[in-house]
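A short write-up of the structure that comes next.
The values are calculated or read from the model by the stated rules, or taken from the named source; none is laboratory data. Computed from a prediction, not measured in an experiment: that's the story for all the values here. Methodologically, a virtual Cβ is constructed for each residue, glycine included, from the backbone with ideal geometry; neighbour enumeration extends over all protein chains shown. Surface accessibility is based on the protein's heavy atoms, side chains included, excluding ligands, DNA and RNA. Shrake-Rupley method; radii C 1.70, N 1.55, O 1.52, S 1.80 Å.
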Amino acid sequence: MGTVSGTKLIAPLGCLVSRQKHTLPDLPYDYGALEPHINAEIMQLHHSKHHATYVNNLNVAEEKYEEALAKGDVTAQVSLQPALKFNGGGHINHTIFWTNLCPNGGGEPKGELMEAIKRDFGSFANFKEKLTAVSVGVQGSGWGWLGYNKEQGRLQIAACANQDPLQGTTGLIPLLGIDVWEHAYYLQYKNVRPDYLKAIWNVINWENVSSRYATCKKKD
């Protein structure tokens, strides 16, 4: 009986344990590894300051949300949604972004991803042109994305404002994200976003994008 009682206690006590906090992921390369295309100063500020701020603010918002949930305070829960979306999206987007880039990147993808790009966009050049145009055209701050439309079984390009997460707002599964917030390029490219977008293709990690695509296909 003692063992059974002890086991029953674990569940309610477990509910009182604080959730695991989000943490800033390590970069898989040095801050200067993407030079000359993206300089070290940008990478350091972008990762250690901007992304870190999203992580910290997300943790704060989740703590407040848990408190509101415990109190049954629906008004407070609703008022916290923008902070959860903005900071949660910022954390999700940047976590993908860092892995989408690599020092020895660029060129073109291979295998199934390349076949899918040719099928859905006609050619790699057309795809590159379209994603670049969508990213350049984002008004203010936001992201350009290559996503996977699970329902239609095809690739799709989309733009998201601010830090809106692709999957959470469009249903598309993110494969490749291009950050067009000014903090991603201003120190090097000033206000000339097209120059930054031209450069970033030289550090795209197609192995990572292909791996994300393969994972999507497995789940179909």
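Could you grab me the full set of residues in the stretch 139-148 that are out of contact with any Ser or Thr (no Cβ under 9 Å at 6 or more places or on another chain) and either closer than 15 Å to LEU176 by Cβ or basic (Lys, Arg) (or both)?
First, pick out the residues of the stretch 139-148 that are out of contact with any Ser or Thr (no Cβ under 9 Å at 6 or more places or on another chain): 139-141, 146, 148.
Of everything in the stretch 139-148, those that are out of contact with any Ser or Thr (no Cβ under 9 Å at 6 or more places or on another chain) and either closer than 15 Å to LEU176 by Cβ or basic (Lys, Arg) (or both) turn out to be LEU146, TYR148.
Consider the stretch 194-220 and keep the residues that are in contact with a helix residue (DSSP H, G or I) (Cβ under 6 Å, 6 or more places away or on another chain) and surrounded by fewer than 20 Cβ atoms within 10 Å (Cβ to Cβ). The one that is nearest to GLN152 (Cα to Cα) is SER210. Please state which of the following conditions PHE86 fails to meet, knowing it meets all the rest: (1) out of contact with any His (no Cβ under 9 Å at 6 or more places or on another chain); (2) open to solvent by less than 30 Å² (accessible area, probe 1.4 Å); (3) touching a residue at least 24 places away in the same chain (Cβ under 8 Å). Checking PHE86 against (1) out of contact with any His (no Cβ under 9 Å at 6 or more places or on another chain); (2) open to solvent by less than 30 Å² (accessible area, probe 1.4 Å); (3) touching a residue at least 24 places away in the same chain (Cβ under 8 Å), the one that fails is (2). As an exercise: evaluate ALA33 against (1) open to solvent by 40 Å² or more (accessible area, probe 1.4 Å); (2) out of contact with any His (no Cβ under 9 Å at 6 or more places or on another chain) and give the number of the one condition it does not meet. Here ALA33 meets the rest and fails (1). Residues ALA70, ALA159: which one is open to solvent by 20 Å² or more (accessible area, probe 1.4 Å) and under 23 Å from TYR213 (Cβ atoms)? The conditions single out ALA159. Looking at the stretch 123-220, the helices (runs of 4 or more DSSP H) lying wholly inside it that each contain 3 or more residues that are under 27 Å from GLN81 (Cβ atoms) and not charged (D, E, K, R) sit at 166-170. Is it true that some residue in the stretch 145-161 is of a type in the set (Ser, Thr, Tyr) and either at pLDDT below 95 or touching a strand residue (DSSP E or B) at 6+ places or on another chain (Cβ under 6 Å) (or both)? Yes: the stretch 145-161 contains one or more residues that are of a type in the set (Ser, Thr, Tyr) and either at pLDDT below 95 or touching a strand residue (DSSP E or B) at 6+ places or on another chain (Cβ under 6 Å) (or both).
Determine which member of the set GLY89, GLY107 is closer than 30 Å to LEU24 by Cβ and either touching a Pro at 6+ places or on another chain (Cβ under 8 Å) or charged (D, E, K, R) (or both).
GLY89
Considering each of PHE97, PHE124 in turn, give the residue that is without any contact (Cβ under 8 Å) to a residue 40 or more places away in the chain, in contact with an Asp or Glu (Cβ under 7 Å, 6 or more places away or on another chain) and of a type in the set (Phe, Trp, Tyr). The unique qualifying residue is PHE124.
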